[in-house]
Amino acid sequence: MSVRGFTNSRPLLLTLEIGVPVTLLAWWWFASASSTNPFFPSLQKIVTEFGKLWLFDHFLSDIVPSMSNFVIGFAIACVAGVLLGTLLGLVPPLNWLLGPIIQFIRAVPAVALLPIFIAMLGFGNEVRLFIIALAALFPVLISTIDGIRGTDALLVDMSKVYRFSRIERLWFVYLRSASPQIFSGMLVSLQVAFIVMITSEMLGAARGIGAMTLMAQKSFDILGMWAGIVLLGILGYLVNLLFSMFRRRALAWHLGAQRAQASN
Amino acid sequence: MKRFPASVLQPLLGVVGIILLLVLWQWGSTQVSTERALPSVVAVGTALIINLQNPAVWLAIGQTLGIALAGWAAAAVIGVVLGIAVGTSRAFSAATRGLLDFLRPIPAIVILPLVLLVLGPTTEMGLFLVVFGVVLPIAAQTAAGVEAADPVARSTARSFGMGTLEILWRVVLPGASPYIGTAMRVAAPVTLVMVVVAGMLGGAPGLGSLLSLAQMTGRYVDLFSYVVILGILGLIVQAASTRAERAVLHWHTSYRQEGI
Amino acid sequence: MTDVRLDVRGLAKTYGSGPGAVPIIGDLTFDVKVGEIVSIVGPSGIGKTTLLKCLAGLQPMTSGSATIDGRPIVGPPREMALVFQEYTRSLMPWLTVEKNVFMPLRHLRLPKAEAASRVATALQAVGLTDAVKKFPWQLSGGMQQRVAIARALAYRPEVLVMDEPFASVDAQTRFELEDLCLQIRDEFAMTIVLVTHDIDEAVYLSDRVVVLGEKPARVTRILPVEFEGTRDQIVTRALPEFGMLRSEILTLIRKTA
């Protein structure tokens, strides 16, 4: 077997795919086991601290508030984004009216908006939720507008010929046709909501995963900081995974259609 | 309304929208109990003009843009190299898939505490955060572009006696450039966000820390003016990266393929 | 004497107004009787699609009148269904064949059993009973067009309007679909208006052929088409009258192109 043939063989690839991460993890475990570096404690200690902190000790007091802010903020952003996006997509003059404002607010990093709204609305949790929803609104809003405007005019004509009611046309033609883009926007919104949830907590909150992690860093609780980082990493990964799975199922028809078009 | 062509109506309505917002804002500032909570349009406008004449503010703007740009460039180099490796070698791709797939959805903000700890409130911290924030998407798109390279073009080049490196440079990379271009354009605004976050939360130099300072000392008028400056910067960055992409890839625009 | 189903008088359509106005259709007058198949032919770009859009109520006409069963057409008429040339784009890619055919029946609020039977009958008429659960992108072009036709059939229109429906389909499938048209007219007693650039097809299918010409479009001639016996792809096309009609229409089109 030639070198190229060997390096492309399936059993080798599979071994690499599973073996390398496992090896890396094992290396981290053993290399850091006797670490005296203050910034990079042993993996074993991190794992212990992780279990101690998050598994049920701080679950209710910190994980729940963070994740509920995130989920509720994301949900509000999605609903508002689709509703507003549909309206703006179907009524171009409205889109032109609000366009520059949307573009400007979107251009400001969300975390910079937080102090403004805190100044206006105070320090409550609602302000944080509002910022998460506001920041996450834009990706789904803009992709909904694009998706609605991109609806095939022929499909719209067909729905008129067959005398669909306005609601039927909206739901069965426009929204369904825009759903690939809407879901893409939602994925980005998901990531934005997660990021803003963390940053808003780090900026100044008493509870929450982000808050705890930064506070741990500031008070040199290195293990606590690492435990927080690991948790955030795992949550970020899981949240993405769940949504991607959901999106793939909802858009199964689209993937098939694209594949068929590509092979033509 | 039907009398006006869209090319006139669209910018007109846009301006009307902005005016309406400013009016709403001004009205809102008179309704709020404490003057500082929502400063009037006039107050913010004045502060904006004053601040734009302040060399310290311009220094901060320069630092912000500088770190963002440097990080963007560094991430581009690292990302493209990584992406090429993943795209060309099945073995490398398999070996790194687990790690990269796990790291990619994790936002860079997550490691801010660690980076702050190790590097302190410095430019390097900001740079590191920026690179971390955009390198993986660039790598992923580069890999996709390399994998999508036309095998016919590759075989043709090989039949002409081109070496692997030459094929990479002359055939594969140009073919992958739309993907790379899109990834770089999408990454540009993210770099700005990361610098501001690094400034606000970590004290890295730039507008982020100015903003943080203004908030802590209660100078809300300055705070608002900095946010406006940031918004303008954001728009400039977006416009510049879009134009740059179009300029470099004008010959390839018809090949643009954006995945779902 | 057969009743007139569609009556078009002096139909004109101009896009835009003032100095930049583009007149597409100048003056079209023709009628379609109950149970007829009428083809509309003419040179490319003459405005056949514009005419259909006006007939289907998708666009208002600038002047003139079009009535269906005596009632003026101001919006898409209930009794009319349209089969588009771009069949792929007219089907909803996120629905199966079955659901695509069912879609227009939704707002008719039929009892479930009746709706299901209409869908089944329509799919059977076009020969797609095996493909009910497939998605449009899993089907060939000819099959997709058949789904669009089945959708129109299930809707039970009285007038079926088709815009170059077989243009993008291969020759063999085209013959099958043409015969399907004849079958539909016989089985469902439908009136069919067919826009086509294929003169052979127009002569084969129609009872009358409306020839359009000039810019802006006008009716050049309306030719009756009568053959002995039932239409058959091989027999009818070999008849001398077939060739004569075809030449006559082609000459008319060439003259006014």
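The values are calculated or read from the model by the stated rules, or taken from the named source; none is laboratory data. The structure displayed is predicted, hence computed values, not measured ones. We place every Cβ from the backbone using ideal geometry, glycine too, and count neighbours over all the protein chains shown.
Is one or more of the residues making up region A:166-175 assigned to a helix (DSSP H, G or I), basic (Lys, Arg), under 27 Å from B:Val186 (Cα atoms) and more than 14 Å from chain B (Cβ to nearest Cβ)?
No: zero hits.
A quick yes/no check of all residues on (1) in contact with a Leu (Cβ under 9 Å, 6 or more places away or on another chain); (2) assigned to a helix (DSSP H, G or I):
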position: C:Ser168; (1), (2): no, no
position: C:Leu177; (1), (2): no, yes
position: C:Leu182; (1), (2): yes, yes
position: C:Asp186; (1), (2): no, yes
position: C:Asp200; (1), (2): no, yes
position: C:Val211; (1), (2): yes, no
position: C:Lys215; (1), (2): no, no
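Tell me the residue from C:Gly57, C:Gly127 that is part of a loop (DSSP other than H, G, I, E, B), touching a strand residue (DSSP E or B) at 6+ places or on another chain (Cβ under 9 Å), surrounded by fewer than 22 Cβ atoms within 10 Å (Cβ to Cβ) and not aliphatic (A, V, I, L, M), please.
Of C:Gly57, C:Gly127, the one residue that is part of a loop (DSSP other than H, G, I, E, B), touching a strand residue (DSSP E or B) at 6+ places or on another chain (Cβ under 9 Å), surrounded by fewer than 22 Cβ atoms within 10 Å (Cβ to Cβ) and not aliphatic (A, V, I, L, M) is C:Gly57.
Hey, which of the helices (runs of 4 or more DSSP H) in region B:149-260, taking only ones fully inside, have at least 2 residues that are buried (at least 22 other Cβ atoms within 10 Å of the Cβ)?
Correct list: B:173-202, B:207-216, B:220-249.
Which residues, counting only those in region C:91-110, are modelled with pLDDT of 90 or more, assigned to a loop (DSSP other than H, G, I, E, B) and either touching a Pro at 6+ places or on another chain (Cβ under 7 Å) or not hydrophobic (A, V, I, L, M, F, W, C) (or both)?
C:Leu91, C:Pro93, C:Thr96
Considering each residue of region A:149-182, count those that are over 25 Å from the mean Cα position of the chain (by Cα) and basic (Lys, Arg), and give that number.
4
Being touching a Leu at 6+ places or on another chain (Cβ under 8 Å) and within 14 Å of chain A (Cβ to nearest Cβ) is true for just one of C:Ile37, C:Ile68. Which residue is that?
C:Ile68
Six or more apart or on different chains, Cβ atoms under 8 Å: show the pairs whose first residue is in region C:161-172 and within 26 Å of C:Val32 (Cα to Cα) and whose second is among the small types (Gly, Ala, Ser) and in a loop (DSSP other than H, G, I, E, B).
Qualifying pairs under 8 Å: C:Val161/C:Ala56.
So which residues in region C:129-152 are within 20 Å of C:Leu205 (Cβ to Cβ) and free of Cβ contacts under 8 Å to residues at least 40 places away in the same chain, if there are any at all?
Listed by number, the residues that qualify are C:Gly142, C:Arg146.
If you scan region A:144-157, which residues turn out to be of a type outside the set (Val, Ile, Thr), assigned to a helix (DSSP H, G or I), out of contact with any Phe, Trp or Tyr (no Cβ under 7 Å at 6 or more places or on another chain) and within 11 Å of another protein chain (Cβ to nearest Cβ)?
A:Ala153, A:Leu155, A:Asp157
State whether one or more residues within region B:30-37 are of a type in the set (A, V, I, L, M, F, W, C) and closer than 17 Å to B:Leu230 by Cβ.
no
What number goes with the only condition from (1) more than 14 Å from the chain's Cα centre (by Cα); (2) assigned to a helix (DSSP H, G or I); (3) within 24 Å of A:Leu155 (Cα to Cα) that C:Pro19 does not pass?
Checking C:Pro19 against (1) more than 14 Å from the chain's Cα centre (by Cα); (2) assigned to a helix (DSSP H, G or I); (3) within 24 Å of A:Leu155 (Cα to Cα), the one that fails is (3).
Which count do you get for residues in region C:5-49 that are free of Cβ contacts under 8 Å to residues at least 40 places away in the same chain and surrounded by 16 or more Cβ atoms within 10 Å (Cβ to Cβ)?
1
In this structure, does A:Gly185 turn out to be modelled with pLDDT of 90 or more, closer than 30 Å to C:Ala154 by Cα and more than 10 Å from every other protein chain (Cβ to nearest Cβ)?
no
Just need a number here: residues in region A:3-36 that are more than 20 Å from B:Gly87 (Cα to Cα) and either of a type outside the set (Phe, Trp, Tyr) or modelled with pLDDT under 80 (or both).
Summing the residues that are more than 20 Å from B:Gly87 (Cα to Cα) and either of a type outside the set (Phe, Trp, Tyr) or modelled with pLDDT under 80 (or both) in region A:3-36 gives 11.
Tally up the residues in region A:205-214 that are at the interface with chain B (Cβ under 9 Å from one of its Cβ atoms) and either free of Cβ contacts under 8 Å to residues at least 12 places away in the same chain or within 15 Å of B:Met200 (Cα to Cα) (or both), please.
Qualifying residue count, region A:205-214: 2.
Checking the condition at pLDDT 90 or above and assigned by TED's automatic domain parsing to the domain that holds C:Thr230, which residue from C:Thr49, C:Thr67 passes?
Criteria check complete, one pass: C:Thr67.
Do we have C:Arg146 as more than 12 Å from chain A (Cβ to nearest Cβ), of a type in the set (D, E, K, R) and closer than 29 Å to A:Ala178 by Cα here?
yes
Taking C:Ile40, is it in contact with a Lys or Arg (Cβ under 8 Å, 6 or more places away or on another chain), over 13 Å from C:Val210 (Cα atoms) and assigned to a strand (DSSP E or B)?
In short, no.
Do any helices (runs of 4 or more DSSP H) entirely within region A:1-114 hold 2 or more residues that are away from chain B (no Cβ under 11 Å) and either over 25 Å from the mean Cα position of the chain (by Cα) or not hydroxyl-bearing (Ser, Thr, Tyr) (or both), and if so, which?
Per the criteria, A:10-31, A:43-54, A:64-90.
Is it fair to say B:Ala143 is touching a residue at least 40 places away in the same chain (Cβ under 8 Å), more than 14 Å from chain A (Cβ to nearest Cβ) and either more than 24 Å from A:Ala110 (Cβ to Cβ) or assigned to a helix (DSSP H, G or I) (or both)?
yes
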